[in-house]
Structures are given as structure tokens and as C-alpha cells.
Amino acid sequence: MIQILNYDKIRCDKITRDEIFAQAEEQTNVADVVSEIIKTVREEGDSALFAYCEKFDKAVLDSLEVPQSEIDEAFAQMDETFIKVLSEAKENITQFHSRQVRSSFIINETDGVVTGQKVIPIEKVGLYVPGGTAAYPSSVLMNAIPAKIAGVKEIVMVTPPTGGSVNPAILAAAKIAGVDRIFRIGGAQAVAALAYGTESVPKVDKIVGPGNAYVAEAKRQVFGRVAIDMIAGPSEILVVADEKSNPKYVAADLLSQAEHDKNASAVLICTSQELAVAVQQEIEIQLSSLPREEIARASIESNGKIIVTGSITDAISVANEIAPEHLELCMDNPFDYLDKIKNAGSIFMGRFCPEALGDYFAGPNHTLPTSGTARFSSPLSVDDFVKKSQYTYYTDEAFSKIADKVAYFAEKEGLSAHARSATVRKSKR
């Protein structure tokens, strides 16, 4: 059963994430296992990938890449309603992310001086799509569409095979999102293949997408060789609710994240003891009907909390300290509090805006910072798929006016060669 905690104002000001969430068991061997997998893939290429597919996915494959015919067949077998929903979701995601596109700029306000910045799409991106206890076609849309908007030339998707095949819903989503190539490989070995390349899998410049602890560790280890989006932890939801909130809605929203993972966290902060008890009871009722009850119950019992505070202001103070991945404001006037939210991945406003709306359909991205990293990082966006180069141009006359200042600054840092590179141009006169 989910635990109910009471915190007065002073306590709220001092609360930390560590006091709320159970500490996950350390998997001390994950880093070593992943390191060995990466090393083997680098040395053995495709043969290592085939071997790991057989070992981890129980799939004996003839080829790693999914042929276009299989993608087309998967799309054709999808029911019309699913394709329509995927297409509508794509439209919403496209509309939202198109507003994020940045423009290059140029400054030439001083005679003989030009500075500027150019925005350049990343050439090739690898997209990891999980395929373990659940399949996520939504992740395909959320990762591939911003990349396409940014102008990425090639998107290479990897996803674990089940019985040698990729989930047809994932293939259909990939076709709609415009993924260029798909490979049936998963785990740390897929990340290694994207980072270093094999005979079949092309080397990419950046890897995005969520995965299990081994995928996350592999992304950590290849970072620097390639860019990554983030190291994603277990899913999180934090609901701030007033006394008028419907306990059925709140319980359902908390369980929507608890069913993801036994290590997921679901927290309610409310201003009513009566609501806290009602939600506690409703969670038990709804758990019994969930197909993923075992996973959701483990999450609720280890990381589920209900915190009763004296006011919404106190509740938001706690929420900012926790910095959740998903934050719901279940109240009549959520916009009154929006400016007070400092740390959250994605914010869901009002009583009729469940987190699941953001997972699938609304348009904002569902790839979000977890584990408190919303304190300093942001949701996946078009910015994640571009890089920037800056440039500078000075004429002879313009540079001669400031050469002494450049040399002076360089000498202050004790770098005489830097200074000479400025003065030598002036002395030629």
C-alpha cells in the first residue's frame, strides 16, 4: 500500500529526493558487463551482434537490417484506427517542435567586422527504441520527428527483436515518422554498434532514446565517441492536487507511471488528508485490475508516496526540490502556479490533462529528464539534433584598430605567441 506522510511548513522546506525515494539497489556488475560487450562488438562487428541476439533475445537471425518489405507489410497489417491516431499524433508533435527551430544569425554593425553563427543539422542519428516488457511506438515518433524537423539526413533505428521479428507497431510508427534504416538489435550491443559501426550497422554521430540499465550504461560509456541525449532513469510522476481533486483520476495517473517499471516512482502531494486516504484506497482498487499489477505494485510499495502539506505553495516547494520528470497540477487554476514551477521535465495543467496525454498525443516531447536532472536539463527537442558553428571576419583596417588590445589580453595570460599573432599583422605596415 502506498505510504502517506505529513510534512509541516518547516519540514517541506528541507525535504530532499533521497528522503522520498527508496535507494535503488546498485548493480555493480553492469558497467563491467557493458564494457565487455562494447569491446566485443568493436572487435567482432556483425558476428558479435548475431551472437548477442541469440544469447539475450533468443533470436537466430539471418540478417540484422529489417527489409523495406517487412516494414511495408507491418504498416499494411495495422488497423486503420491505429494508423489514424499515429498520423494525428505526428501532426501534433510536428506542430509543437516546428516552433523550436533556430535560425542562423549574422552581425555586421561595425565597419570591416562580421561575426555570426550557423545552425547545422547533425548528419546521422541513432535511435534506440525499447522492446522489453512493453513496446513503445510513441518513442519512435517523439525521437524521430524532431530529428527530421532539424534536418538530420539519416535516422538509424535499433530495437530488440522478439522471436526474430520487430514489433509491427514499432515498424509502422517508424514508417510514419520517416526513419531511414531499422536494425533488429537491442541492449548495450546495439548502442556499441551505433557508436563504432559494424559491417552492417552504420556509425552515427548521436544516440537518442531510452532503455534499461545496460542501455543507459552503454550510452554513458560511448559518450565522447558519439553524443547522447541523456542518461534516463526510471519513470517518475508527481501530482500536486487540491482538496477538490477526484481520487479516481489521481490514482489512475499515479499508476500510469508505476506500471512502467518496478523502480518507477509515483508521488502525490496534496492539501487534504481526506483526499490522501481516498487516493490510497483507490490505488488498491485499481491495482487489482491492472494486467501489469506485479510491476505497478512493486513500484508503489518501494517508491510510491502521498505527502500532505498545508498549502499548494508548500506542495510546489516540495515538487521543485524533487524535480520530477512529469508534474501534474490538478487544480482549477493551474496557470496561477506555473511561474512558481522551477524544476520539472513536463508540466500537465488542470484536472483533465493526464500525463498519458503527453506520452502519446499532445505534441510536447515525452523524452524527459529523470532522477532530479530537471534541475539543469530539458526535454528532448529540435535543439538536440543540431549543432552550431560560429564565424568571425575582420578586414585589415578593422583588425589593426584592435590588434594591441588582443595582444595586451594575451600577455596578461602569459601567452606571448598569442600576442605575436596579433602584433605581427600590425607590424607589417
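Quick look at the values:
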item	result
Surface share of carbon and sulfur [accessible, 1.4 angstrom probe, percent] for region 149-226	45 percent
Bridge type composition, the chain - antiparallel percent by DSSP, nearest 5	30 percent
Violating pairs (Cα-Cα greater than 19 angstrom) within the set Lys203/Lys388; Lys118/Lys175; Lys118/Lys203; Lys206/Lys388	Lys203/Lys388; Lys118/Lys175; Lys118/Lys203
Stokes-Einstein D for region 343-429, Kirkwood Rh over Cα pairs, 37 °C, 0.692 mPa s (µm²/s)	183 µm²/s
Helix 293-303 vs. the chain, principal-axis angle (Cα, 0 to 90°, nearest 10)	70 degrees
Relative contact order of the chain, pairs being alpha-carbon contacts under 8 Å that are 6 or more residues apart, as %	21 percent
Reachable lysines, given that their alpha-carbon falls under 20 Å from the alpha-carbon of Lys426 and they are not under 8 places away in the same chain	Lys401, Lys405, Lys412
Spatially proximal lysines relative to Lys248 (Cα-Cα < 24 Å; intrachain offsets below 8 disregarded)	Lys262, Lys305
Per residue solvent-accessible surface (Å²) - the chain, probe of 1.4 Å	49 Å²
Whole-percent carbon and sulfur share, accessible surface of region 336-429, 1.4 Å	54 percent
Local electrostatic count at Val279 - Lys and Arg +1, Asp and Glu -1, tallied over other residues with Cβ under 12 Å	-3
Accessible-area composition of region 21-141, carbon plus sulfur, in percent [1.4 Å probe]	49 percent
Cα-Cα P(r), the chain, percent of pairs per 20 Å interval	23, 47, 25, 5, 0
Most mobile listed residue (Ala251, Ala398, Ala410) in the chain, GNM with C-alpha springs under 10 Å	Ala410
Under 14 Å from the Cα of Lys148 - aspartates and glutamates, other chains or at least 8 residues apart	Glu91, Glu123, Asp180, Asp383, Asp384
Between helix 312-322 and the chain: long-axis angle, C-alpha atoms, 0 to 90°, nearest 10	60 degrees
Over 19 Å [Cα-Cα, region 232-312], rounded percent	29 percent
C-alpha long axis of helix 416-427 to longest principal axis of the chain, angle in °	50 degrees
For region 127-209: rounded, prolate or oblate by the Cα gyration tensor [a/c cutoff 1.5]	oblate
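The values are calculated or read from the model by the stated rules, or taken from the named source; none is laboratory data. Remember, it's a predicted structure, so these values are computed and weren't measured experimentally. Positions of Cβ are backbone-derived with ideal geometry, glycine not excepted, and every protein chain shown enters the neighbour counts. These accessible areas exclude ligands, DNA and RNA; they are computed on the full protein's heavy atoms, side chains included. Shrake-Rupley method; radii C 1.70, N 1.55, O 1.52, S 1.80 Å.
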